1. So in segment 55-221, what percent of DSSP beta bridges are antiparallel if you round to the nearest 5?
2. Please report the antiparallel percentage of DSSP beta bridges with both residues in the chain, rounded to the nearest 5.
3. Read phi for every residue in segment 243-250 and hand back ³J(HN,Hα) as whole Hz from Karplus 6.51 cos²θ - 1.76 cosθ + 1.60, θ = phi - 60°, with x for Gly and Pro.
4. On a full-extension model of 0.36 nm per residue, what is the gain between Asp12 and Asp450, subtracting their alpha-carbon distance, rounded to one decimal in nm?
5. Relative to the longest principal axis of the chain, what angle (0 to 90°, nearest 10) does the C-alpha long axis of helix 285-294 take?
6. Arrange Ile365, Ile456 by Cβ neighbour counts within 10 Å, fewest through most, would you?
7. Expected output is a single nm value to one decimal: the length gained when fully extending between Asn556 and Ser516, i.e. 0.36 nm times separation in residues minus the C-alpha distance. What is it?
8. Calculate the dipole size of segment 344-446 relative to its Cα centre from +1 charges on Lys and Arg beta carbons and -1 charges on Asp and Glu beta carbons; express the result in debye to the nearest 20.
Amino acid sequence: MENKWILRPQPDEGVVALLRSSLNDLPEPLARVLALRGIASYDEAKHFFRPEMTHLHDPFIMRDMDRAVDRVVEAIQGSERILVYGDYDVDGTTATSLMVSFLRSRGLDPVYFIPHRIRDGYGLQPIGIDYAANAGAALIIALDCGTTANDEAAYAKSRGLDLIICDHHNPEGILPDAVAVLNPKRSDCSYPFDGLSGCGVGFKLIQGVLSKLGRSGEEAVEYLDLVALSIASDIVPIVDENRVMMRLGLDRIRSTPRLGLRALALESGLDLSVCDTGTIAFGIGPRINAAGRLSDARHAVDLMLTGDDAVAQRLAAELNEINVERRLIDTETLERALEIAKSRPGEIGTNALVIHDASWHVGVIGIVASRLVEHFYRPVVMLTSVDGEAKGSARSIKGFNIYNALKDSADLMTRFGGHEYAAGLTLPEKNIPALRERLDAYASRLLTEDILKPEIEIDSRLHLSDLTDRFWAVLKQFGPFGPANKRPVFYGSDLIVVGYPSVVGSGHLKFKVRQSGVPGPGLDVIGFNMHDSLPIVRATSNPEDHLEMVFTVDENSWNNRRSLQLKLKDVRKQNGKSDGLGGSVLA
């Protein structure tokens, strides 16, 4: 599938020049990247490169924070029993672990409840409220759920339970009747950042309670490892507070990881001393998530809370084993879904795919839906059957809001929710054909040829001679990378292939390039799963033939040796002096 190369609107040249001069002759490509992140002065750059706890916002700006803090302090001072209610994904389990750990540090003996994905379903449920009442709790703190749980909040009140909600999902209509609803996405909330994870909202509550108790809010830093796990796994924007908490949380994971996390890393062959967002998103997060997908998410919470080495090792082994099973199910489900999509295209939709198989495991269809989106570059709905109803996940592409698309067919569903790129839904099986027809028709009206062509946004042109030790040292400080703060993407032209390109591993393209006119051994290039581009690279093996590439810059570690490498995103044979950027020329 051919990609569009889009040069991002370039920053003011005066700002670029100012950043270069004030930051000790910062390389021009990095000055451009910095300016594209909204940095326009030395002080702003210092704030960006040196995040601190003092950069976090005052928790009491958040609507209802004073009420939530007063109620938690009352429970602490009265030694009340509190039930912490979480969700079964990484955000929910880390939030649960965070709040239980904090309440224990205040001398309480809290209990917690995580709903079972298949048996109980998502969100605040009566079974969890009954569990709280039976455990003698006076207060429920719900994390990563609850914003739309009006009926459940009323039920909790009828059972004599107070309720505090810490959530980050979009509110719909009237908020639940609770002691407090902490959610920066509330329309009546003036909190300056609405991109917090559910665990992040819980962290702000802890900061507020510490302040009320006369303690420093910075004492909460010990919980930032859990917040970092949630941020990297829940795909929230890594800007503003999230970037600060992510950076400081990674510092804790690298230097003083909690026992359970260390055991999970050891079991998984991961090196926490170099942990980054990628390590969490692709290594740690899936193993924590696997518990809630195929088994019981309590295993993940128990792992993060334990102080017993033997227990940590046992639970880590269990999570790793569950994740192996999850990957096998993923593969089988993906193969079957691809088979259906390719053999019956008219039956499942042309513009938007709606695929149903009653035998699929509800815990993996969201993952598989995302992979189908990557494969077909179309909106996808994956459905299985649970207790006679179709239940599933929807995933989408840039420019097509899947939540709005489902909302257009709301009358066909018993329940749905989500956001622009991802949603969950439940509907009677008999309504699947109608949903397929309507969603496909809706997509046909909105999906233009332009939307259906994937884009690669480029930050700056880069000459390979710019890649010095200082360049890399500064580039690393742009992290942690993730949504809204992605790795800078560079464009290079007049590149000459060095040596003989090859395919390594399971379809990874590997070769070397050097800048035309600059002698030397060249830089390593790795294109993961890009074996299809081998003919393009081989076709430019003559010195007079040039490549143009889009790539990120990373560090490769092999046999205790580190070297810079280019991670390929796309490659083309260069035609003449064309820069592949629609004629856009960088200063």
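Where a number appears in this text, it was derived from the coordinates with a stated rule and is not lab data. This one's a predicted model, so the numbers in the text were calculated from it and none came from an experiment. Using ideal geometry, Cβ is built from the backbone for each residue, glycine included, and neighbour counts are taken over all protein chains shown.
1. Details: 0 of 15 bridges.
In segment 55-221, approximately 0 percent of DSSP beta bridges are antiparallel ones.
2. Working: 47 of 75 bridges.
Of the beta bridges lying entirely in the chain, close to 65 percent run antiparallel.
3. Coupling constants for segment 243-250: 5, 4, 5, 5, 4, 5, x, 4 Hz.
4. Numbers: separation 438, 0.36 × 438 = 157.68 nm, distance 2.79 nm.
So the extension gain works out to 154.9 nm.
5. Approximately 50 degrees, to the nearest ten.
6. Numbers: Ile365 30, Ile456 14.
So the residues, fewest neighbours to most, are Ile456, Ile365.
7. Numbers: separation 40, 0.36 × 40 = 14.40 nm, distance 2.35 nm.
This chain segment gains 12.1 nm when fully extended.
8. On the way: 12 positive and 11 negative charges, 50 e Å.
In total the dipole reaches around 240 debye.
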